[in-house]
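*Asks:* Before we start, here is the structure in question, set down as structure tokens.
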Ligand SMILES: [Zn+2]
Ligand SMILES: [Zn+2]
């Protein structure tokens, strides 16, 4: 009878030692590659904006060079998939303006045994202007957003708000990965502004947001302007035609004085300043209405006395008491604070 009788053990084919099955653990440890490293990696960075080229595509990056190299190494190094508690230590040594050497140490747990591995990777850093920066420098653009208003030039405050909308949408678009979300230029032109945009997508977004903010219509047209790298180049013009009226205008139409409170499609939302009724007026009526005041110029005042049809308030300009039509449904005890506006058609209280 054999000494080990009942439990027959197999033998490691590599070293001849005892083994449960196939190679013994120490032979496995000696023959397994726990980490595979490339000899060299290349990192391409845009010297203007710091974007990096990642698998053929430019990507925005806020990381410093050290971090970029480490991240690139982590991506390129492959680690045995059975390893647990993996730790990678990277020591970077600069060897020239654009050259580094990375010493990499791996430690981890393999079938209950702690294992180590080392490798060395050469790192090359090249600088190349990215797609976005070269297009900005080359005055490239895909679209123009023209902001105009019917009949009268847009107010400077509206235009500066439109500029801010454009800038913040460009920044947000770039953050989301639209490389061409940039504003090439914003030009003051007769009757409004022209916003020159890097991408049509950004232009459409700007036009839509401005039209939502101020009302109005967008008219888009496309023009073939030439050829670039064998492809037709189109340029899109998005004309945002702001409505003649703006939010806050106090207008007189068909016997009623009203304040413009917003826009919905081609209709203008208003509130009448005598009855406090909210309704819409048509585009034709808005075009014909008489503009008699601007609600942003309203001043605070105090009710002196009130009867069924008129209200007496202290005129904030002359400090004399003046009469205004009593607006329906407003709390008007004497002493109540109200907003009053001088218009070409007399004094009105605003809701
Ligand atoms: Zn063995
Ligand atoms: Zn760049």
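*Asks:* Are there any pairs with C-beta distances below 6 angstrom linking a residue in segment 109-132 that is farther than 24 Å from residue 36 by Cα to a residue that is loosely packed, with under 13 Cβ neighbours inside 10 Å, with the two at least 6 apart or on different chains, and if so which?
*Replies:* Here the result reads 127/47, each pair linking segment 109-132 to a residue that is loosely packed, with under 13 Cβ neighbours inside 10 Å.
For every residue, the table says whether it meets (1) touching a strand residue (DSSP E or B) at 6+ places or on another chain (Cβ under 7 Å); (2) farther than 26 Å from residue 142 by Cβ; (3) at pLDDT 90 or above.
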{"residue": "233", "(1), (2), (3)": "yes, no, no"}
{"residue": "236", "(1), (2), (3)": "yes, no, yes"}
{"residue": "255", "(1), (2), (3)": "no, yes, yes"}
{"residue": "292", "(1), (2), (3)": "yes, yes, yes"}
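*Asks:* Does at least one position in segment 264-273 carry a residue that is exposed (fewer than 13 other Cβ atoms within 10 Å of the Cβ) and in the same structural domain as residue 338 (by TED's automatic domain parsing)?
*Replies:* Yes, segment 264-273 contains a residue that is exposed (fewer than 13 other Cβ atoms within 10 Å of the Cβ) and in the same structural domain as residue 338 (by TED's automatic domain parsing).
*Asks:* When residues of segment 1-37 are filtered for being surrounded by fewer than 14 Cβ atoms within 10 Å (Cβ to Cβ) and either within 13 Å of ligand 1 (Cβ to nearest atom) or modelled with pLDDT of 90 or more (or both), how many remain?
*Replies:* 15
*Asks:* Out of the residues in segment 120-141 that are within 18 Å of residue 235 (Cα to Cα), outside any helix (DSSP H, G or I) and under 21 Å from the mean Cα position of the chain (by Cα), which is nearest to ligand 2 (Cβ to nearest atom)?
*Replies:* Per the stated criteria, the residue is 140.
*Asks:* Has segment 110-118 got at least one residue that is surrounded by fewer than 16 Cβ atoms within 10 Å (Cβ to Cβ), modelled with pLDDT under 95, within 16 Å of ligand 2 (Cβ to nearest atom) and assigned to a strand (DSSP E or B)?
*Replies:* Within segment 110-118, not a single residue is surrounded by fewer than 16 Cβ atoms within 10 Å (Cβ to Cβ), modelled with pLDDT under 95, within 16 Å of ligand 2 (Cβ to nearest atom) and assigned to a strand (DSSP E or B).
The values are calculated or read from the model by the stated rules, or taken from the named source; none is laboratory data. Since the model is a prediction, treat every value here as computed from it, not as a measurement. Every residue, glycine among them, receives a Cβ derived from its backbone with ideal geometry; neighbour counts consider all protein chains shown.
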